[in-house]
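For reference, the structure is listed below as structure tokens.
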Amino acid sequence: MRDAVTSLIKNYDSTGRYLDRNAMDDLKSYFNSGMARVKAAGVINGNAAAIVKQAGLQLFEDVPELIRPGGNAYTTRRYAACLRDMDYYLRYASYALVAGNMDVLNERVLQGLRETYNSLGVPIGPTVMGIQLMKDIVKEQVAAAGITDTAMVDQPFDYITRELSEQDV
Ligand SMILES: CCC1=C(C)/C(=C/C2=NC(=C\c3[nH]c(/C=C4\NC(=O)[C@H](C)[C@H]4CC)c(C)c3CCC(=O)O)/C(CCC(=O)O)=C2C)NC1=O
């Protein structure tokens, strides 16, 4: 598992280079956004259950057939599995946000996920909708917590979305 710093060092070390101007710029931008990343993770941590719940309700309102007979989230077991998955995405997004690197998502979340979903008939489109709904809620709450530039919040949610759907969002 890597973060912004270790991945940059690994990159330079593999070619035996000192940290150059580009490296300095990357590091500066990472450290400059550091407190905002930590604060955003704090906002997620403090509101995780509510964020998942709100995004889930919105998703099932937008795509009601998911929870009707024949829908993939129909039955309490599958409904719960769906919200649990949303909670996984939110928690790992908060890790990736702090790390400033998406490696943790590849390693812990995305590996084999598409195959699992396909074999269980979990629809990718609505899953992506749920992830994007959580992103929007998190961004609102992070902005309300006084963080002006919330752009970095997009990164992990969009990354999961892109990797799951294997297309640009
Ligand atoms: C931490 C990394 C990690 C992830 C990401 C993960 C996902 C994951 N979601 C699963 C199932 C599932 N995932 C969903 C999710 C949904 N169904 C819908 O209609 C919605 C669109 C969506 C919610 C947004 C459902 C309903 C199941 C149960 C499917 C079944 O058993 O038939 C399964 C199959 C095993 C199980 O049920 O636990 C895995 C492995 N597991 C992990 O360890």
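The values are calculated or read from the model by the stated rules, or taken from the named source; none is laboratory data. Given the structure is predicted, the values throughout are model-derived calculations rather than measurements. When we count neighbours, we look across all protein chains shown, and the Cβ atoms used for this are built from the backbone with ideal geometry, even at glycine. The accessibility values were calculated without ligands, DNA or RNA, using every heavy atom of the protein model including side chains. Shrake-Rupley method; radii C 1.70, N 1.55, O 1.52, S 1.80 Å.
The single condition among (1) charged (D, E, K, R); (2) over 20 Å from Ala145 (Cα atoms); (3) more than 11 Å from the ligand (Cβ to nearest atom) that Arg84 does not satisfy is (3). Remark: pairs (first residue in the stretch 69-97, touching a residue at least 40 places away in the same chain (Cβ under 8 Å); second residue more than 11 Å from the ligand (Cβ to nearest atom) and of a type in the set (Lys, Arg); Cβ separation under 6 Å; 6+ apart in sequence or on different chains) = Leu97/Arg37. Against the numbered list (1) open to solvent by 80 Å² or more (accessible area, probe 1.4 Å); (2) within 30 Å of Ser7 (Cβ to Cβ); (3) near the ligand (Cβ under 10 Å from one of its atoms), Phe31 comes up short only at (3). Identify, please: which residue in the stretch 124-163 is outside any helix (DSSP H, G or I) and open to solvent by 40 Å² or more (accessible area, probe 1.4 Å) and is, among those, nearest to the ligand (Cβ to nearest atom)? Step by step, filter the stretch 124-163, then rank; the result is Ala145.
Checked against (1) surrounded by 15 or more Cβ atoms within 10 Å (Cβ to Cβ); (2) among the hydrophobic types (A, V, I, L, M, F, W, C); (3) closer than 27 Å to Tyr89 by Cβ, Ala23 meets all criteria but (3). Taking the stretch 1-101 as the region of interest, the helices (runs of 4 or more DSSP H) fully inside it that hold 2 or more residues being in contact with a Lys or Arg (Cβ under 7 Å, 6 or more places away or on another chain) are 76-99.
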